[in-house]
1. Can you list the residues, at least 5 places off or on another chain, whose amide H is less than 5 Å from the amide H of residue 213, using H built in the peptide plane?
2. Give the carbon-plus-sulfur fraction of the accessible surface of the chain in %, rounded to a whole number; probe 1.4 Å, heavy atoms of protein chains only.
3. At q = 0.13, 0.15 Å⁻¹, what log₁₀ I(q)/I(0) does region 1-127 have when each alpha carbon counts as one equal point scatterer in the Debye sum?
4. At a Cα cut-off below 18 Å, give the aspartates and glutamates reachable from residue 116, other chains included and same-chain residues fewer than 8 away excluded.
5. Determine the shape class of region 1-73: with a ≥ b ≥ c the square roots of the Cα gyration tensor eigenvalues, call it rounded for a/c under 1.5, and otherwise prolate if a/b is greater than b/c, oblate otherwise.
6. Taking 22 Å as the cut-off for C-alpha to C-alpha distance, list the pairs among 19/275; 106/149; 3/149; 52/275; 54/271; 86/115 that go past it.
7. Based on Cβ point charges of +1 for Lys and Arg and -1 for Asp and Glu, what charge dipole magnitude is obtained for region 134-259 about its Cα centre, in debye rounded to the nearest 20?
8. Working from Cα positions, state the angle (0 to 90°, nearest 10) between the long axis of helix 170-179 and the longest principal axis of the chain.
Amino acid sequence: MSKILSGKEVSGRIKSELKEQTEILKKNNIFPGLAVILAGDDPASRVYVNNKKKACEEIGIYSEEYTFSSDVTEDEILDLIDELNKKDSISGILVQLPLPKHIDEKKIINSINPKKDVDAFHPVNVGKIMTGNYDFVPCTPAGIMELIKESDIDITGANCVVVGRSNIVGKPMAMLLLHQNGTVTICHSKTKELKEVTKKADILVVAVGIPNFVTGDMIKPGAVVIDVGINRMPDKKLVGDVEFETAEKVAGAITPVPGGVGPMTIAMLMKNTLKAAEINAKKGVNR
Ligand code: L34
């Protein structure tokens, strides 16, 4: 039986701290605001964006939502971002991914002012993460780092295996673990003898988007297992990329789905939005 790393619980604690910070910022005439852009009709994205708006309300962050239908043009989104980049009441801009297929995701992300890029997806912020002097940490990897802290494991020297190499999760995750002195291996769909690699992990992060991809026999006894996947099954049930039933018998600590990484992602977005408000108040968004 492993310890359950409840993102729901930890994010609740973090959000109440952020609420206090928001009150202090407001007393100092700093008013954080988040703009969320949603294009298309992906039902999962709709749920995530709703959860983000709800978190803003809870904490006292002003928020705006912009929705477009799936036939939106690139220029329409670029024009909106241009406007939001200049708008004083907006400290953070988030374009919910994935975007409709005909939209060039890179072009859209590149148009966001890096000082308002609360996802940390802009190349300037990605570069800063590489070198280790960053303001914004991408929300999902940042949330995972908080959950690992809860597990009481020391990352220094530990074998950390990240399965998945996306720009949103896998790559930045590997960097954050490396900054904390982990010995990091990145695996992906072309990795040979995957099980041999995952079996050696003291910390195993799985972000591949395939239901029940990692099973108990692939896990080292006592390992910390972080499941980033959220897959909706035909019966509407949510399952992760890790087969929970077999994994929790082997792991020392494990995140559930739902209630694990998802709520942490949102808490970290709130944290980044407060940070953006603070930075932009001090330095201005154009410097
Ligand atoms: N730009 N796009 C941008 N930034 C992000 O940080 C994201 N991500 C991922 C998808 N696209 C993005 C999210 O917001 C994934 N993600 C996300 C956010 C919230 C939740 C899950 C993923 C979440 O709230 N999960 C709940 C269950 C939600 C449900 O019922 O479907 C949970 O308990 O895991």
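The values are calculated or read from the model by the stated rules, or taken from the named source; none is laboratory data. Every value quoted in this text rests on a predicted model; they were computed, and no experiment measured them. As a convention, Cβ positions derive from the backbone with ideal geometry for all residues, glycine included, and neighbour counts pool all protein chains shown. Keep in mind that these areas ignore ligands, DNA and RNA; they rest on the heavy atoms of the full protein, side chains included. Shrake-Rupley method; radii C 1.70, N 1.55, O 1.52, S 1.80 Å.
1. Distant-sequence amide H within range of residue 213: 242, 243.
2. 53
3. So the normalised log intensities work out to -0.61, -0.78.
4. In chain and number order, the partners are 64, 65, 79, 82, 83, 88, 105, 135, 278.
5. Judged from the Cα gyration tensor, region 1-73 comes out oblate (a/c at least 1.5, b/c at or above a/b).
6. Long pairs (Cα-Cα over 22 Å): 106/149.
7. Around 440 debye, computed over region 134-259.
8. It works out to around 80 degrees.
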